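Colleague: There's a structure below that I have some questions on.
The values are calculated or read from the model by the stated rules, or taken from the named source; none is laboratory data. As the structure is a computational prediction, the values presented were derived from the model and not from experiment. In this analysis, Cβ positions are derived from the backbone assuming ideal geometry, glycine residues included, and neighbour counts consider all displayed protein chains.
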Amino acid sequence: MWKKWFSRNSKSSNESELNSLDPLKIPQHVAIIMDGNGRWAQRRGLLRSFGHRAGVESLREVVKVASEIGVKVLTAYAFSTENWKRPDEEVSFLMSLFSEYLDNEIDELDQNQVKIRFIGKIDELAASLQHKIENAQTRTNRNSGLILNLAVNYGGRAEITRAVQIIAEKVQSGELNSQDISDYTIQSSLYTQDLPDPDLLIRPSGDLRISNFLLWQLAYSEFWFTDINWPDFKPKHLIQAIRDYQGRERRFGGIKRS
Ligand code: FPP
């Protein structure tokens, strides 16, 4: 099934790009800010919604390839807690796109062992979308392949605020002593409590910021920026980002090992 992408493209430059990766240094967790849909559309004289729709295609391809090369977790930022400020038509379009994505992709994702998860304030979404999210999560929960973590109505600050509330309640009830609060207490109160931190953050579209994404988890992630807008982001760009990542030296605050 998904083996198709590389076999279809074998003998092409994609194969040699893939072969340039060190299979022992594939990042476990890749996080992506899917930015630049609007600009992509506007540059073509199209409505922004066309850019978002084209962005779904990029996501589909990137999920396949990430799964194929052995990435364990892919977190994609689809809608922030601040994106509600956009015009109503754009917000409704995005919400229906998420719903459509689940309808259209769930069978293939499930067949390919992808485990779908959502992070963010899911309880604030429309009941019908919440229902589809719950179904998708339940249906794929036992899958053993790529964890596809979709951040919808997600904000890093809101996630940390929520963690603080969870911890404060435990202190208040006597379950936890404030002296015992550690990094681990906080990490295990986040949406991503059971996931490794991202090794690699990819942001297309030329903006050099993290926009309230995974504020705690990105502490030691490697960042990779490109001017390409998300709808133009292809598997070869993912491979390029991973190749660059593999050439980085990660020290986590330590010093270079001789
Ligand atoms: C940011 O780019 C993108 C978004 C707010 C929406 C991202 C959504 C998708 C890629 C659709 C696919 C997602 C799923 C889960 C099916 P922007 O539109 O703000 O671009 P701009 O900065 O150029 O205006």
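Colleague: Out of A66, A41, report the one residue that is within 10 Å of the ligand (Cβ to nearest atom) and modelled with pLDDT of 95 or more.
Modeller: A41
Colleague: State yes or no: is I239 aliphatic (A, V, I, L, M), assigned to a helix (DSSP H, G or I) and in contact with a helix residue (DSSP H, G or I) (Cβ under 8 Å, 6 or more places away or on another chain)?
Modeller: So I239 passes the test.
Colleague: Cβ contacts < 7 Å: first residue closer than 10 Å to N153 by Cβ, restricted to the range 70-95; second residue assigned to a strand (DSSP E or B), any location; separation 6+ or different chain. Result?
Modeller: Hits for this filter: A78/L150; A78/A151; A78/V152; F79/V152; F79/N153; S80/Y154; T81/N153; T81/Y154.
Colleague: Tell me the residue from R86, R162, R157, R139 that is charged (D, E, K, R) and in contact with a Phe, Trp or Tyr (Cβ under 9 Å, 6 or more places away or on another chain), please.
Modeller: Checking each option against the conditions leaves just R162.
Colleague: With respect to Q137, is the statement that it is part of a helix (DSSP H, G or I) and over 20 Å from I33 (Cβ atoms) true?
Modeller: yes
Colleague: Inside the range 82-110, can you point out the residues that are buried (at least 16 other Cβ atoms within 10 Å of the Cβ) and aliphatic (A, V, I, L, M)?
Modeller: Matches in the range 82-110: L94, M95, L97, L102, I106, L109.
Colleague: Something else: When you go through (1) exposed (fewer than 12 other Cβ atoms within 10 Å of the Cβ); (2) within 22 Å of the chain's Cα centre (by Cα); (3) modelled with pLDDT under 80 one by one for S13, which number turns out not to apply?
Modeller: Among (1) exposed (fewer than 12 other Cβ atoms within 10 Å of the Cβ); (2) within 22 Å of the chain's Cα centre (by Cα); (3) modelled with pLDDT under 80, S13 violates only (2).
Colleague: Related question: Of all residues in the range 164-196, count the ones that are crowded, with 18+ Cβ neighbours inside 10 Å and in contact (Cβ under 8 Å) with a residue 40 or more places away in the chain.
Modeller: Going through the range 164-196 one residue at a time, the tally reaches 3.
Colleague: Within the range 75-120, which residues are among the polar types (S, T, N, Q), more than 11 Å from the ligand (Cβ to nearest atom) and under 26 Å from L46 (Cα atoms)?
Modeller: T81, S92
Colleague: So in the range 145-198, with the set limited to residues that are of a type in the set (D, E) and assigned to a helix (DSSP H, G or I), which one is nearest to E124 (Cα to Cα)?
Modeller: E159
Colleague: Separate question: State the number of residues belonging to the range 204-258 that are among the aliphatic types (A, V, I, L, M) and exposed (fewer than 13 other Cβ atoms within 10 Å of the Cβ).
Modeller: Here the count works out to 3.
Colleague: Within the range 19-38, count every residue that is away from the ligand (no atom under 16 Å from the Cβ) and either small (G, A, S) or in a strand (DSSP E or B) (or both).
Modeller: Going through the range 19-38 one residue at a time, the tally reaches 2.
Colleague: A further question on this structure: When you scan the range 160-196, how many residues do you find that are β-branched (V, I, T) and within 12 Å of Q217 (Cα to Cα)?
Modeller: 3
Colleague: Please give the number of the condition A54 fails out of (1) modelled with pLDDT of 95 or more; (2) out of contact with any Ser or Thr (no Cβ under 9 Å at 6 or more places or on another chain); (3) more than 10 Å from the ligand (Cβ to nearest atom).
Modeller: It is condition (3) that A54 fails.
Colleague: Filter the range 66-80 down to residues that are crowded, with 22+ Cβ neighbours inside 10 Å and closer than 15 Å to N112 by Cα, then give me how many there are.
Modeller: Qualifying residue count for the region: 4.
Colleague: Let me ask something else. Kindly provide the set of residues from the range 211-231 that are out of contact with any strand residue (DSSP E or B) (no Cβ under 7 Å at 6 or more places or on another chain) and either more than 23 Å from V63 (Cβ to Cβ) or part of a loop (DSSP other than H, G, I, E, B) (or both), ordered by number.
Modeller: L215, W216, Q217, A219, Y220, T226, D227, I228, N229
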